[in-house]
Amino acid sequence: MVETINKLYETSHLLLHRTSRQDAAKGISVIVKGEGIRVFDQDGTCYIDLEAGGTRPVHAGYGRDELAQASYDQMCQMAYFTPMGFANAPAMQLADKLAEITPAGIERFTFECDGSEAVETAMKLAKHYHYYRGDQGRFKVVSRRGAYHGVNGIGVRALGIVMPMRQLMEPLAPGAVFIESPYCYRCPHNLRYPDCDIACARELERIIEFEGPEQISMFIGEPIQQGFGAYRPPPEYWPLIRDICDRYDILLVIDEVICGFGRTGLMFATQHFDVHPDLLTMAKGLTSGYIPLGAVGCSVRITEPIELLNHLHTYGNHPVSCAVALKNLEILETEKLIENSEEMGRYFLDGLKTLLHHPSVGEVRGTGLWLALDFTVDKKSRAPFPLENLMGIIARMKQKGILVKTMGMALELAPPLIINKDEIDEVIPVLDACITEEEKAMGLSK
Ligand SMILES: Cc1ncc(COP(=O)(O)O)c(C=O)c1O
């Protein structure tokens, strides 16, 4: 069967994203159908999708006729018109809806095609804000080592992770500045919380002073970070970052591209913390992946000085994507999927905790339906776990009909928000068995 699949890929004109020749040689599945939390490949093999589409947008699950209908209706009514000098009804309605559900103070919205463009636009908005206030030297962006904020022009400079992706594209736009990420399990400063005094946040002030505050436009970070596997910072982290940004007139951009729309059990992960962002980037769960759409929200403080947002994108404020997003938000609300994320997230986390007896499972964590198992070859020293063995666990899971992926040294789990207890109960024993098999192969257990 692998041969057939390989042949299919080798004879196809399609280029895959971030797929090595080596991985392609192992066999590429062609996903042809989705239903609930399951997807089916070209041979009819069914998989439980614990990654909500791999890049985790599919919050409402697969096979939603309502979303297809919303797109069809809007295409028939008015498929496209320029975002420059004209508005359209779905984009206006979606902006109103987001003003209702985003954290307090976020009141103006514009729509792009995806998360990377949302990040780009946030950077542009930040630059515009400073520029129109006569502060024209601020071009630097502070991000975090281990962060991921997309693949486009300026955004790629804020990439602190996926080094080959960044290094291959160098030299990048100037102005990328990095601090460490909050990752207490393997603290980059080699400290222990709470004695650390949140050194990873305080580092921001030192780097601002070093780089020159008058050159720094914004700080960007995910409220809960993907880079090391769904890592939630200590409660003091975001208020400290906010305070430092305020003291230097640096804008705070919170990237909710993954976390937003219920992934972490609240509508936005920012709401887990005592912090108010200046700008918010969104995508993925906004349309459950049924159609591309990214969004930036900001406070009126940001738009107030801006005479003209010098930005035009053919597909900006796209009416069809916005109509699908509106229907998707309706589904999230009427089916109480945010609440389900919180409840099932707790249930899933309890299940994962039963795996802590494994010598290789160092930590399990999760907020809502964004969960991770962090692996190590030595629980005491928290020594790194080889990537090939993580990939081994993933391959075993796939063979048994479950799709998961890695983030850092962790296995990340981010299922559609419709998952139920029975489905979670189905997953835990398979995960248990696959970890045991891999540990045996490594000689970590008998
Ligand atoms: C936090 C974050 N920001 C931005 C992006 C870029 O979004 P997209 O892939 O839709 O361009 C991603 C993608 O995974 C992301 O996780």
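The values are calculated or read from the model by the stated rules, or taken from the named source; none is laboratory data. Because the structure is a prediction, the values reported are computed rather than measured. Ideal geometry is used to build each Cβ from the backbone, glycine not excepted, and the neighbour counts take in all protein chains shown.
Is region 274-289 home to any residue that is surrounded by 19 or more Cβ atoms within 10 Å (Cβ to Cβ), among the hydrophobic types (A, V, I, L, M, F, W, C), more than 15 Å from the ligand (Cβ to nearest atom) and assigned to a helix (DSSP H, G or I)? Scanning region 274-289 turns up no residue that is surrounded by 19 or more Cβ atoms within 10 Å (Cβ to Cβ), among the hydrophobic types (A, V, I, L, M, F, W, C), more than 15 Å from the ligand (Cβ to nearest atom) and assigned to a helix (DSSP H, G or I). Is there a residue being at pLDDT 95 or above and in contact with a Cys (Cβ under 6 Å, 6 or more places away or on another chain) anywhere in region 44-67? No, every residue in region 44-67 fails to be at pLDDT 95 or above and in contact with a Cys (Cβ under 6 Å, 6 or more places away or on another chain). What number goes with the only condition from (1) buried (at least 16 other Cβ atoms within 10 Å of the Cβ); (2) modelled with pLDDT under 95 that ASN310 does not pass? Looking at each condition in turn, ASN310 falls short on (1).
Scoring PHE228 on the criteria (1) farther than 16 Å from ALA52 by Cβ; (2) within 14 Å of the ligand (Cβ to nearest atom); (3) modelled with pLDDT of 95 or more leaves a single failure, condition (3).
I'd like to know if region 413-429 contains one or more residues that are in a strand (DSSP E or B) and in the same structural domain as ARG365 (by TED's automatic domain parsing).
Kept after step one, since they are in a strand (DSSP E or B), are these residues of region 413-429: 413.
Those left that are additionally in the same structural domain as ARG365 (by TED's automatic domain parsing): 413.
Scanning region 413-429 turns up at least one residue that is in a strand (DSSP E or B) and in the same structural domain as ARG365 (by TED's automatic domain parsing).
I need the full set of residues from region 371-412 which are among the basic types (Lys, Arg) and assigned to a strand (DSSP E or B), in order please.
Narrowing region 371-412 to residues among the basic types (Lys, Arg): 379-380, 382, 396, 398, 400, 405.
Passing the criteria: only LYS405.
ASP255 satisfies every condition listed in (1) crowded, with 23+ Cβ neighbours inside 10 Å; (2) more than 24 Å from LEU98 (Cβ to Cβ) except (2).
Output the strands (runs of 3 or more DSSP E) that fall wholly within region 24-83 and possess 1 or more residues being out of contact with any Lys or Arg (no Cβ under 7 Å at 6 or more places or on another chain) and of a type outside the set (A, V, I, L, M, F, W, C), or say none. So that I can check it myself, show each step before the final result.
Values: elements: 31-35, 38-41, 46-49.
Fully inside region 24-83 and qualifying: 31-35, 38-41.
Considering only region 98-190, give the strands (runs of 3 or more DSSP E) lying wholly within it that have at least 1 residues that are within 12 Å of the ligand (Cβ to nearest atom), at pLDDT 90 or above and not small (Gly, Ala, Ser).
Values: elements: 108-112, 140-144, 176-179.
The qualifying strands (runs of 3 or more DSSP E) are 108-112, 140-144.
Has region 116-132 got any residue that is of a type in the set (Asp, Glu) and over 24 Å from ALA325 (Cα atoms)? Talk me through it step by step, then tell me what you get.
So in region 116-132, the residues of a type in the set (Asp, Glu) come out as 117, 120.
Next, from what is left, pick out any that are over 24 Å from ALA325 (Cα atoms): none.
The answer is no; no qualifying residue exists.
Name the single residue that is nearest to the ligand (Cβ to nearest atom) among those in region 235-270 being within 16 Å of GLY366 (Cβ to Cβ) and in a loop (DSSP other than H, G, I, E, B).
Looking at the filtered set, the residue picked out is ILE258.
Residues that are of a type in the set (Gly, Ala, Ser) and either out of contact with any helix residue (DSSP H, G or I) (no Cβ under 9 Å at 6 or more places or on another chain) or within 16 Å of the ligand (Cβ to nearest atom) (or both) within region 31-59 comprise GLY34, GLY44, ALA52, GLY53, GLY54, listed in sequence order. Kindly establish whether VAL320 is assigned to a helix (DSSP H, G or I), under 15 Å from VAL58 (Cα atoms) and not polar (S, T, N, Q). So VAL320 does not fit the description; no.
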